[in-house]
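**Q** Provided herewith is a single structure, encoded as structure tokens, for subsequent inquiry.
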Amino acid sequence: MEFRGALAGAEDVLSRDAVEFVAQCVRRFRGPREELLAYRARFQDAVRAGRTPDFLPETREIRESDWTVARPPPDLEDRRVEITGPVDRKMIIHALNSGARVYMADFEDAHSPTWRGTLQGQENLMDAVRRRIEFTDPDGRHLTLGPRVATLMVRPRGWHMVERHMWVDGAPVPASLFDFGLFFFHNARELLRRGTAPYFYLPKMEHHGEARLWDEVFRWAQETLGIRPGTLRATALIETLPAVFEMDEILWELRDHSAGLNCGRWDYIFSFVKTFAHDPARIFPDRALLTMDRPFLTAYSRLLIATCHRRGIHAMGGMAAQIPIKDDPEANARAMELVRRDKVREVRAGHDGTWVAHPGLVALATEVFDREMPTPNQIGRRPEGPPPGATELLAIPEGPVTPEGARGNVRVALRYLEGWLRGQGAVAIDHRMEDAATVEIARSQLWQWVRWGQTLSDGRTLSPALFREFLGSELSTLLGEREIRGGPDGPARRAAELLDEVVRDPRLPEFLTLRAYQELGDEPGGEG
């Protein structure tokens, strides 16, 4: 076992027993994980060769038979508003104190996985579970946990990522098992002692075999620590196009540990674009036009609600990424009205809860759900009409690709990636809290438009040269801001280089974060 990152100050997180627990988990489940990633690649190759995604004939019996998942535990009965955010100390305190029913601590899309930041995140959660977490702002304000806090859930990184700072048997460990293993080992028993349990969100699964692997990990972890099977619960994010056709199967595989499904709509849009990016007949319009009233997204939401409620578990809604605009009351009122309408749409559609990205939105979202859903959830409610089929789910949205839309994608992708390279996983851009899904949508759309020479609404072709013109202009603006603030310009320049590389790559890279991860520098470490 080897560590390739600094270990000073991480003795509690990387204790001998905790590291051995992770190493055992890796040795047991690394092989199946690699097989599942190979299946992903074969599926994508088949789509490029002409296969149309659809429901699996071999699992028809699971979809058509009657069964339900385990009942939700008491502290997950009412999940009407959940707040998500990175695992830095200040955010954890604010989120737990926000009034939301649940806080999802995020090691994935809202986390820039520097070695130091990842270990500090684990330490912060250990302190939060034991209610000893504190933080003092630079202005002297001291933050502690209040008497009533949100139920904690944790999102580890997806199956596709590795933690390059810990190696077992000559290879870096899967980041999902690293994040899960450390949190579970350190906190499972303490959570049970305090009347709750270890709860998780599972990101970016593409196949029900990936859910089966998580279930096997859960059973092994509980057995190893002497915890009753079924104690651990997890909500699966449906945020890839292949997974939308396997929602019943994912719930079936996790049925003893399931806490439902969630509409991870931003990553879902990214996955949809990525799946069909090599098909010039499936061009997506401006990102701003990909709203939840589009038929392909409405069908996705309806199917998720119908599936979850048939199986007796929560169907969680999507993210409101807006943040309060303190210096412009009129703009703030417009932004908050957009949030309100989105939450009204979700609760009336049948969702049992929703996500927000900022503590300032918790009260608004709670007011909507309190008024529209007086019960803890609406699991007993079924959407009207038959569930949507493949044709509805695969409908390509119509609309223009505008110069403003293309340039906006460049701006947001560049600014988010620059923040990510500086170790910031959630970045406020144009009054929205953006995470890694933002840059993935933006750069995959740019790749598609440049690859196929998309004609913009002003008659110009989005050629590589025009893309670079947009990129150069946005980089100049960002560098000017960095100069005014006295910040370094290296991350901005490298972010521009990375964005240029992935947009002009002949083959669309699967995840930008996989390539950018190698850019996150950390101190060299030693043996463990």
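Values quoted throughout were computed directly from the atomic coordinates according to the rules given, and no laboratory measurement underlies them. Predicted model only: the values in this text are computed from it and were never measured. Quick reminder, even Gly has a Cβ in these numbers, built from the backbone with ideal geometry, and neighbours come from all protein chains shown.
**Q** Would you be so kind as to identify which of GLY399, VAL273, ALA234 lies farthest towards the positive end of the dipole of the chain, taking Lys and Arg as +1 and Asp and Glu as -1 on Cβ and the Cα centre as origin?
**A** The one lying farthest along the dipole's positive direction is ALA234.
**Q** Shifting gears a bit: Can you work out the Karplus-derived ³J(HN,Hα) for every residue in the stretch 454-463? Use 6.51 cos²θ - 1.76 cosθ + 1.60 with θ = phi - 60°, whole Hz, and x for glycine or proline.
**A** Those phi angles translate into 4, 7, 7, 5, 8, x, 6, 9, 7, 7 Hz.
**Q** Sticking with this one: By average Cβ neighbour count within 10 Å, what is the ranking of 46-52, 258-264, 191-197 from highest down?
**A** 258-264, 191-197, 46-52
**Q** Shifting gears a bit: Amide H of GLY353: which non-local residues (sequence gap of 5 or more, or other chain) have their own amide H closer than 5 Å, using H built in the peptide plane?
**A** Close amide H contacts, sequence-distant or interchain: GLY317.
**Q** Over the stretch 403-518, what number does the Rg to Rh ratio reach, with both radii from the alpha-carbon atoms and Rh per Kirkwood?
**A** When Rh is taken as the Kirkwood radius, the ratio is 0.95.
**Q** What is the distance, in nm, between label points placed 7 Å from the Cα along the Cα-to-Cβ direction at ALA6 and at LEU37?
**A** According to this spin-label approximation, the distance is 2.8 nm.
**Q** So how much slack lies between GLU384 and ASP139, counting 0.36 nm per residue of separation and subtracting their Cα-Cα distance, in nm?
**A** Fully extending the segment from GLU384 to ASP139 adds 82.9 nm.
**Q** Which ³J(HN,Hα) values in Hz, rounded to whole numbers, follow from the phi angles of the stretch 414-431 under the Karplus curve 6.51 cos²θ - 1.76 cosθ + 1.60, where θ = phi - 60° and Gly and Pro get x?
**A** Ordered by residue, 3J(HN,Hα) equals 4, 5, 5, 5, 4, x, 5, 5, 8, x, 10, x, 10, 10, 7, 9, 6, 6 Hz.
**Q** Which ³J(HN,Hα) values, rounded to whole Hz and listed in residue order, are derived for the stretch 123-129 from phi using the Karplus coefficients 6.51, -1.76 and 1.60 in 6.51 cos²θ - 1.76 cosθ + 1.60 with θ = phi - 60°, glycine and proline given as x?
**A** Here the 3J(HN,Hα) series is 5, 4, 5, 4, 5, 5, 4 Hz.
**Q** Treating cross-link reach as a plain straight distance, find the lysines whose alpha-carbon is under 24 Å from the alpha-carbon of LYS90, omitting any fewer than eight places away in the same chain.
**A** LYS326
**Q** Kirkwood hydrodynamic radius of the stretch 157-204 from all distinct Cα pairs, in Å?
**A** Kirkwood hydrodynamic radius for the stretch 157-204: 11.9 Å.
**Q** Using alpha-carbon positions, what is the distance between the centroids of the stretch 128-145 and the stretch 416-454, in Å?
**A** Taking the Cα centre of the stretch 416-454 as reference, the centre of the stretch 128-145 is 31 Å away.
**Q** Lysines within cross-link reach of LYS274: Cα-Cα under 30 Å, excluding same-chain residues under 8 positions apart?
**A** By straight Cα distance, LYS274 reaches LYS204, LYS343.
**Q** Now for a separate question. Taking H as built 1.01 Å from N, whose amide H comes closer than 5 Å to the amide H of GLU434, not counting residues under 5 places away?
**A** VAL427, ALA428, ILE429
**Q** Given Cα pairs under 8 Å that are at least 6 residues apart, what percent is the relative contact order of the chain?
**A** 18
**Q** Please list the three semi-axes, largest first and in whole Å, of the ellipsoid equivalent to the stretch 106-210, using sqrt of 5 times the eigenvalues of its alpha carbon gyration tensor.
**A** For the stretch 106-210, the ellipsoid semi-axes come out as 27, 18, 13 Å.
**Q** Per DSSP H run of at least 4 residues, take -39500 (n - 2.57); add these up for the chain, divide by its residues and hand me the 222 nm value, nearest 500 deg cm²/dmol.
**A** For the chain, the value works out to -15000 deg cm²/dmol.
**Q** For a Förster distance of 25 Å, can you work out the FRET efficiency between the beta-carbons of ALA46 and ILE396, rounded to the nearest 0.05?
**A** 0.85
**Q** What is the percent of Cα-Cα separations in the chain that go past 30 Å?
**A** 48
**Q** Another one. Normalized C-alpha radius of gyration of the stretch 118-162, against 2.2 N^0.38 Å?
**A** So the stretch 118-162 has a normalised radius of gyration of 1.45.
**Q** Please list, ordered by chain and number, the residues whose modelled amide H lies under 5 Å from the amide H of ALA105; skip anything fewer than 5 residues away on the same chain.
**A** Here the answer is MET153, VAL154, ARG155, since their amide H atoms fall under 5 Å of that of ALA105.
**Q** Scan the chain and hand back the longest stretch that contains none of the GluC sites (Glu not before Pro) lying in DSSP loops with at most 11 other Cβ atoms within 10 Å.
**A** Between the exposed loop sites, the longest stretch runs 12-383.
**Q** Please compute the Cα-Cα pair-distance distribution of the stretch 179-221 with 10 Å bins starting at 0, giving whole percents from short to long.
**A** Computed distribution, short to long bins: 25, 51, 22, 3.
**Q** Give a quick list of trypsin sites (Lys or Arg not before Pro) in the stretch 258-333 that DSSP marks as loop, anything other than H, G, I, E or B, with at most 13 other Cβ atoms within 10 Å.
**A** Counting only loop positions with at most 13 other Cβ atoms within 10 Å, the trypsin sites (Lys or Arg not before Pro) in the stretch 258-333 are LYS326.
**Q** Take the stretch 343-393, drop everything but the C-alpha atoms, weight them equally and run the Debye formula without solvent; then report log10 I(q)/I(0) at 0.22, 0.28 Å⁻¹ to two decimals.
**A** Here log10 of I(q) over I(0) equals -0.83, -1.08.
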